[in-house]
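Shown next, in structure tokens, is the structure this report addresses.
Values in this text are rule-based calculations from the coordinates and carry no lab data. Everything numeric in this text was worked out from a predicted model, so none of it was measured. Note that we place each Cβ from the backbone using ideal geometry, even for glycine, and neighbour counts take in every protein chain shown.
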Amino acid sequence: MEDAEKHPLTPDFETWPLATMPNSARSECGVLLVEWSDGTVSRHHPFFLAENDPSPETLHPLSRETTLSPLDLPDGLEVQGAEIEPHGTVRVDWSHGRKSSRFHPGWLHGNAWFGKKPRLETAVLWTAAQQPEPPTFNGPQALQDPATFLAWLHALRDYGVARLEALPNQDGLLMQIVEQIGPVRESNFGRMYTLEIKDDPDSNAFTSDALMQHIDMPTRECPHGLQFLFCRDNSTSGGEGIYADAYRIAEDLRVEEPKHFAALCEINWTYNNRAKTTSYKASGPVIELDAQGTITGIRYNTWLRAPLIASLADQDRAYRSYRAFAARAQDPVYQMKFAYRPGDLVAFDNRRALHGRNGYDAAGGTRFIEGIYADRDDLYSAIRALERKLSKEDTP
Ligand SMILES: [Fe+2]
């Protein structure tokens, strides 16, 4: 029997595992208490349950979004009783004459509080010795086999950089692959750009010069989350890509140079682009933290920094800490270096993986690299949707 026939709907389209099942369910002081087969106990607030009730009165059966206003639920709503029904469905009986609700056991367990939030962070931090090359996957195979494509996306999420190799030199292929993940995020460089030498460059990227480690688009309120570089042709010498895990750099600074780490988290630098027809400007610290102190992003680009207007003392603190960060970014200990080979598609997290390149000799051959931006959310959504699809295919 299909899961959908055995269990109530869930307020989403996810697949909820049934590895841990409810042994018993009851009311405890008006809340739902569930004892699970692994010995754990969870408690569920009446409002949490009521607004996630999958019945058609409260959840739109097609959109799976609630139709309730918070004020539709009576003050003092209580769970009066609960039962385990066949296949582990949890039935909740209510006060105020409200109709009973039934919950999918996997959904209830997956959204329960067990003393701490489930660990979502999957980042694997690396130095050059630990990760001399990006995690690499066969391109044509990834395009044929969703499991290989998913493995590439997982590596991009976890390592911040991941490569497909041996792709054909084909017009439109980069766009097709990126759109398989999500929508392109355009920029002032267009929907797609080519890393070529321009007569009147609006970025150092459009020269054959070496590029220091940086992120792109620090000039935006939220810099683009992902970048994809597809090398379609390269017969020049030099021009190797140089990548560094800025999360590794930041975590090492946190431990080894805590004053600099604090300054890098606290002092806002402003970044502006230097183009004749656009004028983007945004500010932020080099190291962004969330409320728990977890690093969530990096804003580091030496040549796009605007003048720092601050007191001498603050300038001193800002420059010392920026130089401490730069010393690590330019240290080979942190630098993964590799040549762009024809057929390589290098994807990276633009707010985590610093990128740069050696200079190259443009007179000695041709070099044709296409680039596209997208955002992290698109990657995470694609991963969840593909995991869902593959897990359903695995279900007998
Ligand atoms: Fe760049």
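What the table below lists for this structure:
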| quantity | calculated |
| --- | --- |
| Cα-based reach from LYS99 at 15 Å (exclusive), listing aspartates and glutamates while leaving out same-chain residues under 8 positions away | GLU51, ASP53, GLU57, ASP72, GLU78, GLU83 |
| Theoretical ellipticity at 222 nm over the chain - DSSP helices of four or more residues, -39500 (n - 2.57) apiece, nearest 500 | -7500 deg cm²/dmol |
| Directionally averaged projected area (convex hull, Cα atoms, region 3-116), nm² | 7.0 |
| Over region 3-116, relative contact order from alpha-carbon pairs under 8 Å, at least 6 apart, % | 31 |
| Unsatisfied cross-links (Cα-Cα over 23 Å) in the set LYS198/LYS276; LYS116/LYS392; LYS116/LYS259 | LYS116/LYS392; LYS116/LYS259 |
| Amide H within-cut-off set for SER24, under 5 Å, with H built and near neighbours excluded | GLU35 |
| Relative contact order %, region 166-227, counting alpha carbon pairs below 8 Å whose residues are six or more apart | 15 |
| Of THR89, PHE230, PRO61, farthest towards positive along the dipole that unit charges on Lys, Arg, Asp, Glu beta carbons give the chain | PHE230 |
| Normalised contact order of the chain, rounded percent, pairs of Cα under 8 Å and 6 or more residues apart | 21 |
| q = 0.13, 0.14 Å⁻¹: log10 I(q)/I(0) that the Debye formula gives for the chain, counting C-alpha atoms only | -1.08, -1.16 |
| Region 207-303 shape via C-alpha gyration tensor axes, a/c threshold 1.5 | oblate |
| Likely footprinting exposure, LEU211, LEU312, LEU253, fewest C-beta neighbours within 10 Å first | LEU312, LEU211, LEU253 |
| Student exercise, region 123-210 dipole from Lys, Arg, Asp, Glu Cβ charges, in Debye to nearest 20 | 340 |
| Fewest-first sequence of SER69, SER391 by Cβ atoms within 10 Å of each Cβ | SER69, SER391 |
| Euclidean distance between Cα centres, region 252-309 to region 60-106, Å | 46 |
| Computed P(r) (all Cα pairs; region 92-184; 5 Å bins; percent) | 3, 10, 13, 15, 11, 11, 9, 8, 6, 5, 4, 3, 1, 0 |
| Charge-dipole axis of the chain as Lys and Arg at +1 and Asp and Glu at -1 on Cβ define it, positive-most pick from GLN315, THR20, GLY182 | GLN315 |
| Long-range HN-HN contacts of GLN80 with modeled amide H, under 5 Å | ASP93, TRP94, SER95 |
| Per-residue HN-Hα couplings for region 201-217 [Karplus 6.51, -1.76, 1.60; θ = phi - 60°; Hz; x = Gly/Pro] | x, 9, 6, 4, 4, 9, 10, 9, 5, 5, 10, 5, 4, 6, 10, 8, 6 |
| Assigned charges on the beta-carbon of Lys, Arg, Asp, Glu; the chain dipole about Cα centre (debye) | 920 |
| 21 Å Cα-Cα reach of LYS389 towards lysines, excluding residues that sit fewer than 8 places from it in its own chain | LYS6 |
| Long-range amide H partners of LEU59 with built H, under 5 Å | THR67 |
| Packing-based exposure ordering (other Cβ within 10 Å, fewest first) of ILE215, ILE369 | ILE369, ILE215 |
